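This is the structure I have questions about; it appears just below.
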Amino acid sequence: MTHRFRRLRRTGALRALVSETRLSAADFIWPLFITDVPGADVEVPSMPGVRRLSVDGAVRAAEEAARLGIPAVCLFPYTDPALKTEACKEAWNPGNLTNRAIRAIKAAVPEVAVMTDVALDPYNANGHDGLVKDGVILNDETVEALVRMALAQAESGADILGPSDMMDGRIGAIRMALETAGHKDVAILSYAAKYASAFYGPFRDAVGASGALKGDKKTYQMDPANRAEALRLVGRDLDEGADMVMVKPGMPYLDICREVKDAFGAPTFAYQVSGEYAMLKGAIGNGWVKEEVILESLLAFRRAGCDGILTYFAPAAARMLAGG
Ligand code: PBG
């Protein structure tokens, strides 16, 4: 036999020499759920091991990120239901929970990048990412609201804005508003190819949006059947001024990650979303699979061309990578 592939798999040293893909804590963005509602800072039942945090708790998490070598955290607010309205004005309140948390984290751990979510769902009485009129999600009016929201987050010190709403034209509008307002160095990581997915279920529990949501998000989020459209969306968002792009959900969409990376070469991220976390965590918790699936799943994103991964496993995976 001339070719014995097993020769290079024989020892750990040989395997390390020919390993094609690396995973490190520097590849992670750690999503944090925050709240200031008394009694709401508890574990999310559908996401074992993930707690909603107070602003102080989020600062401590950012400090932990710094210790573990995780470069960025991403904030998602569980908003007091009393502040949710159809006009969503709380979204651009400079003193809202997210904006207070941004300032607190940047004051305490400036070296950790803070990413935000730009979408109206945490503030919307009907749970949608956009403004709703007569059952229709309004595009252009929503974009105006998102611009206000984005500016308030930039003003508070956010490093990376993550528009996750899937309205058309929001990247260009936000980019122009940032330039005009002097926030020239605030980066945009566009949720460019975001699919209408049942894998977001536990997230909606975590931010308290499950009960409120009327209908589904299929008129703005993508059809899981589509791939050519994902490439067109990524191209559009990069043209409009996105610095980085995201594919979401993650594991069922690794084919899209690979195509996006190959077609554009831009910094490409995937979101290993709440339902993916819940599935893996549930199976690990029941002893059905070993904890090793965590690093295997994250390595798969890197192999598929992703530069980084938004993952609720960030701190656990960073500790595993550090050998702890
Ligand atoms: C909302 C938003 C969602 C997620 C991130 N931002 C949910 C949705 O679109 O309904 C999902 C993240 C996850 O499931 O972990 N704009």
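Values in this text are rule-based calculations from the coordinates and carry no lab data. Source: prediction; values computed, not measured. As a convention, Cβ positions derive from the backbone with ideal geometry for all residues, glycine included, and neighbour counts pool all protein chains shown.
So which aspartates and glutamates can Lys214 reach, going by Cα to Cα under 18 Å and dropping same-chain residues fewer than 8 places off?
Reachable aspartates and glutamates: Glu86, Asp121, Asp129, Asp134, Asp165, Asp205.
Also: Where in region 97-184 are there GluC sites (Glu not before Pro) that are in a DSSP coil and have at most 15 other Cβ atoms within 10 angstrom of their Cβ?
Answer in residue order: Glu111.
Of the trypsin sites (Lys or Arg not before Pro) in region 6-65, which ones lie in a loop per DSSP and count no more than 10 other C-beta atoms within 10 Å? Numbers along the way, then the final one.
Values: sites: Arg6, Arg7, Arg9, Arg10, Arg15, Arg22, Arg51, Arg52, Arg60; in loops: Arg10, Arg22.
Answer in residue order: Arg10, Arg22.
How large is the dipole of the chain about the Cα centre if only Lys and Arg carry +1 and Asp and Glu carry -1, each at its Cβ, rounded to the nearest 20 debye?
Values: 37 positive and 41 negative charges, 308 e Å.
Here the chain has a charge dipole of around 1480 debye.
What pairs in Lys261/Lys281; Lys106/Lys290; Lys84/Lys217 have C-alpha atoms more than 25 Å from each other? Intermediate results must be reported in sequence, preceding the final value.
Numbers: Lys261/Lys281 28 Å; Lys106/Lys290 36 Å; Lys84/Lys217 18 Å.
Over 25 Å Cα-Cα: Lys261/Lys281; Lys106/Lys290.
Which residue fluctuates most in the GNM of the chain (Cα springs below 10 Å): Ala101, Ala16, Ala300?
Greatest mean-square fluctuation among the candidates belongs to Ala16.
Can you sort Ile171, Ile29 so the residue with the fewest Cβ neighbours within 10 Å comes first? Kindly include the intermediate steps, with their values, before the conclusion.
Working: Ile171 28, Ile29 23.
Fewest to most other Cβ atoms nearby, the residues stand as Ile29, Ile171.
Then there's this: With a cut-off of at most 16 other beta carbons within 10 Å, and DSSP calling the residue loop, which GluC sites (Glu not before Pro) in region 214-308 qualify? Please list them.
Details: sites: Glu229, Glu240, Glu259, Glu276, Glu291, Glu292, Glu296; in loops: Glu240, Glu291, Glu292.
Passing both the DSSP loop test and the Cβ count: Glu291, Glu292.
Which residue fluctuates most in the GNM of the chain (Cα springs below 10 Å): Arg67, Arg170, Arg148?
Arg67
Taking only DSSP H segments of four or more residues, each worth -39500 (n - 2.57), what value at 222 nm results for the chain once the sum is divided by all its residues, to the nearest 500 deg cm²/dmol?
Numbers: 11 runs with 122 residues, N = 324.
So the calculated ellipticity at 222 nm is -11500 deg cm²/dmol.
Let me ask another. Which of Ala209, Ala198, Ala72 ends up with the largest GNM mean-square fluctuation for the chain, with Cα atoms connected below 10 Å?
Residue with maximal mean-square fluctuation among Ala209, Ala198, Ala72: Ala198.
Take every DSSP beta bridge with both residues inside region 67-185 and express the antiparallel ones as a percent of the total, to the nearest 5. Spell out each step's value before the answer.
Working: 2 of 11 bridges.
Here the antiparallel bridges make up roughly 20 percent for region 67-185.
Give me the percent of DSSP beta bridges within region 21-321 that run antiparallel, rounded to the nearest 5.
Working: 3 of 37 bridges.
For region 21-321, the DSSP antiparallel bridge percentage is about 10.
Continuing with this model, one more query. Straight-line reach from Lys89: which lysines have Cα under 18 Å away, leaving out those fewer than 8 places along the same chain?
Lys133
If we count other beta carbons within 10 Å of each Cβ, what is the order of Asp168, Asp237, fewest first?
Values: Asp168 15, Asp237 27.
Ordered from fewest to most neighbouring Cβ atoms within 10 Å, Asp168, Asp237 come out as Asp168, Asp237.
Shifting gears a bit: What is region 21-321's relative contact order, in percent, from Cα pairs under 8 angstrom and six or more apart in sequence?
Values: 620 pairs, mean separation 60.5, N = 301.
Normalised by residue count, the contact order of region 21-321 is 20 percent.
Distance between Cα centroids, region 7-21 to region 32-73: provide it in whole Å.
Taking the Cα centre of each part, region 7-21 and region 32-73 sit 37 Å apart.
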